[in-house]
Amino acid sequence: MKKILFLFCLGILCATNLHAQKKSKKIHTIAFYNLENLFDTEDDPTIDDSEFLPTAPNQWDETKYQKKLQNMARAIASITNAPDILGVCEVENRRVLEDLVKQNDLKEKDYGIIHYNSPDERGIDVAMLYKKNRFKPFKESSIRINFPDAADKTRDVLFVSGVLGKKDTLHLFVAHFPSRRGGQQESEPKRVFVASQIRQKIDSLQKINPNANIIVMGDLNDEPTNKSIAETLNAKPYTENLKPNELFNAMGMLKAEGKGTHAHYNSKEKKAEWNLLDQIILSPALVNKKNNIRYVTGSATIHKPDFLLQTEPEQYRGQSPYVLLQARDI
């Protein structure tokens, strides 16, 4: 399996009344990025970070760490002047995020950081970066995943509520579902369980406010058609006639078009075969054209400026390590 770094953005449109019959509109970019094992070079005895130390076979040292930070900062900044909200996964701790936002390409963006340490054995967590002048969080929590088998551990799900633009509340979940290690079917119950925990929280939000603006984003390690997404979260690849208990998977049509974010090389066919495991999922309120905050239709796409395209090995040449999606705040 070749795992491709994935970045997608969601365009959100916000409208504010200036006069009785006039509105101003502002585009907000919301994105997710798998930071692919963003570890510092120091040994943390509470987690298994042995692969990312100067003494490891890959000799993970300060030079490599700083180069990785620079490359990722450049990639993030290339998305519409850097996203207003950026969900991330595979970060070791808060320090690596602080180092990331201090990079030359990002330091003037004035990013805030929301991060919690989770019980994942490798110490990789989810987190959120946000531009302080565009998004004002007022509630945050880390949802602990307690599997029926208490021995199993995984990443927490990050939950953040805040005000986007002038007045509209947006609820965001950042997730990194359990991997497919051991086989897709064998590991599926774990992803279904995590999805059920998110679904329960969504149901609670919609019970209080049926028109709640909700986004679920992350590396879900399942396709849009798999059980955890299509059934448990009840996310559909269409926006028309969504039922109140259904969600819209903005990446669903990309999958139908054969696009993806993770690849493995089929030696018989001599080509890369793509999976779309990173997704962004929206509540019906965000695709309702009457709502103050709404998704920019069709803005889900793959972000692939030339400098992000792979050139080697040959079987992945021309493939993009990032994906983009846009949304607007009205």
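The values are calculated or read from the model by the stated rules, or taken from the named source; none is laboratory data. Fair warning: this is a prediction, and the values are worked out from it, not measured in the lab. Virtual Cβ from ideal backbone geometry, glycine too; neighbours counted across all protein chains shown.
Observations, loosely collected:
- Test for Asn34: is it surrounded by fewer than 18 Cβ atoms within 10 Å (Cβ to Cβ), touching a strand residue (DSSP E or B) at 6+ places or on another chain (Cβ under 7 Å), on the phi < 0 side of the Ramachandran plot and modelled with pLDDT under 95: no
- Looking across segment 170-186, the residues that are buried (at least 17 other Cβ atoms within 10 Å of the Cβ) and not aliphatic (A, V, I, L, M) come down to His171, Phe173, His176, Phe177, Pro178, Arg180.
- Set side by side, the residues Thr63, Thr29, Thr46, Thr55 differ, and just one is touching a Pro at 6+ places or on another chain (Cβ under 6 Å) and among the β-branched types (Val, Ile, Thr), which is Thr29.
- Of all residue pairs spaced 6 or more apart or on separate chains, those with beta-carbon atoms under 6 Å, a first member in segment 50-65 that is touching a residue at least 24 places away in the same chain (Cβ under 8 Å) and a second member that is of a type in the set (Ser, Thr, Tyr) and surrounded by 14 or more Cβ atoms within 10 Å (Cβ to Cβ) are Tyr65/Thr41.
- Residues of segment 107-122 that turn out to be farther than 17 Å from Gly218 by Cβ, surrounded by fewer than 20 Cβ atoms within 10 Å (Cβ to Cβ) and more than 17 Å from the chain's Cα centre (by Cα), as a count: 6
- Hits in segment 39-89 - residues which are polar (S, T, N, Q), exposed (fewer than 14 other Cβ atoms within 10 Å of the Cβ) and under 21 Å from Asp120 (Cα atoms): Thr46, Ser50
- Criterion violated by Asp219 - all others in (1) touching a residue at least 60 places away in the same chain (Cβ under 8 Å); (2) closer than 14 Å to Pro284 by Cβ; (3) in contact with a strand residue (DSSP E or B) (Cβ under 9 Å, 6 or more places away or on another chain) satisfied: (2)
- Residues that are exposed (fewer than 15 other Cβ atoms within 10 Å of the Cβ) and either modelled with pLDDT of 85 or more or assigned to a loop (DSSP other than H, G, I, E, B) (or both), drawn from segment 240-279: Glu240, Asn241, Lys243, Pro244, Asn245, Glu257, Gly258, Ser267, Lys268, Glu269, Lys270
- Extreme residue, surrounded by the fewest Cβ atoms within 10 Å (Cβ to Cβ), among residues of segment 222-232 that are in a loop (DSSP other than H, G, I, E, B) and out of contact with any strand residue (DSSP E or B) (no Cβ under 8 Å at 6 or more places or on another chain): Thr225
- Of all residues in segment 271-293, none that is under 13 Å from Gly252 (Cβ atoms) and in contact (Cβ under 8 Å) with a residue 24 or more places away in the chain has its Cβ atom under 6 Å from the Cβ atom of a residue that is charged (D, E, K, R) and assigned to a loop (DSSP other than H, G, I, E, B), 6 or more apart or on another chain.
- Filter result (part of a loop (DSSP other than H, G, I, E, B) and in contact (Cβ under 8 Å) with a residue 60 or more places away in the chain) within segment 66-82: Ser78, Ile79, Thr80
- If the condition is being in contact with a strand residue (DSSP E or B) (Cβ under 9 Å, 6 or more places away or on another chain), under 14 Å from Ala285 (Cβ atoms) and not in a strand (DSSP E or B), then segment 189-216 contributes Ile202, Leu205, Gln206, Asn209, Ala212, Asn213.
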